[in-house]
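What follows is a single structure, written as structure tokens, with notes after it.
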Amino acid sequence: MPNEAGRFLVALACGRRVRVQVVVLHGHSGVGKSRLVSWLCERSAEMGASTHLQLDAEGGIPGMLSRYFRCEGLERDAVIARLAQRLPGVDPYEQEILGAILCGDEVSPSERYAVLRRFLARLCRIPLILWMEDAWTTPDALDLVERLLQAEEALPVLVLITAEREALLENQAAAARLTAVTRGFRCLWLEVPG
């Protein structure tokens, strides 16, 4: 098993005992960052050690939720019906906010992230891997990471962020924000060598 994969498994195991942790995998394009995270998500799911969500730069948070609830391409009414079906017993107001996020409607940041945090907390019956594939360039993804790190409750979430070295150099403003958000003791930067 590659050293990087071993480090991830250790970070995942620690997720059972501590709050949100973030690992930023950075390296040149094509060195295998995404393959490594994909392998970890698949292997961990096979062992029943975690579940995972994938957030990418193209779809952002709405795309992540749409894949999870399997409502890509559905009309608004069908999205709301799907949420009611998949989230029985959840406050209809929260279902409405999730529906608004999924449909791209404007939602206040405080409502948006409070509802997203509670949604993720419900998924954390077992640890959750939140894979952000090059999503660090989108403000809402980093806002979510920042709010998860600031949450007072213990959530067994391992956030894995992949970042191409070339993109970090090209988009210095987003790279600076990523660095600022991931500066805490529960954050680790790992270089995937080429």
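Of the Cα atoms belonging to segment 80-177, the radius of gyration and Dmax stand at 15.0, 46 Å.
Between Asp134, Asp91, Asp143, the residue with the greatest mean-square fluctuation in the GNM of the chain (Cα pairs under 10 Å linked by springs) is Asp91.
Calculate what fraction, in whole %, of the accessible area of the chain sits on carbon and sulfur atoms when a 1.4 Å probe is rolled over the protein chains.
50
Axis of helix 76-86 versus longest Cα principal axis of the chain: the two differ by about 80°, to the nearest ten degrees. Approximating the spin labels as points 7 Å out from Cα along Cα→Cβ, the Gln85-to-Glu170 distance works out to 4.0 nm. Any chance you could check the Cα centroid distance between segment 121-194 and segment 13-80 for me, in angstrom? Spelled out, the Cα-based centre of one part sits 12 Å from the other. Electrostatic tally near Glu153: other residues with Cβ closer than 13 Å to its Cβ, Lys and Arg +1, Asp and Glu -1, net +4. If I fit a long axis through the Cα atoms of helix 33-46 and take the longest principal axis of the Cα atoms of the chain, what angle between them do I get, 0 to 90°, rounded to 10? For 33-46 against the chain, the angle is about 60 degrees. What do you get for the angle between helix 109-123 and the principal long axis of the chain? Use alpha-carbon atoms, 0 to 90 degrees, nearest ten. For helix 109-123, the angle is close to 80 degrees. Taking N as the residue count of the chain, its C-alpha radius of gyration divided by 2.2 N^0.38 Å amounts to 1.01.
Normalising by the residue count of segment 72-192, find the relative contact order in percent from Cα pairs under 8 Å and 6+ residues apart.
Working: 86 pairs, mean separation 24.3, N = 121.
With pairs under 8 Å counted, the relative contact order is 20 percent.
The values are calculated or read from the model by the stated rules, or taken from the named source; none is laboratory data. Note that this is a predicted model, so its numbers are computed, not measured. Cβ coordinates were reconstructed from backbone atoms using ideal geometry, including for glycine residues, and neighbour counts include every protein chain displayed. Accessible surface is based on the protein model in full, side chains and every heavy atom, while ligands, DNA and RNA are left aside. Shrake-Rupley method; radii C 1.70, N 1.55, O 1.52, S 1.80 Å.
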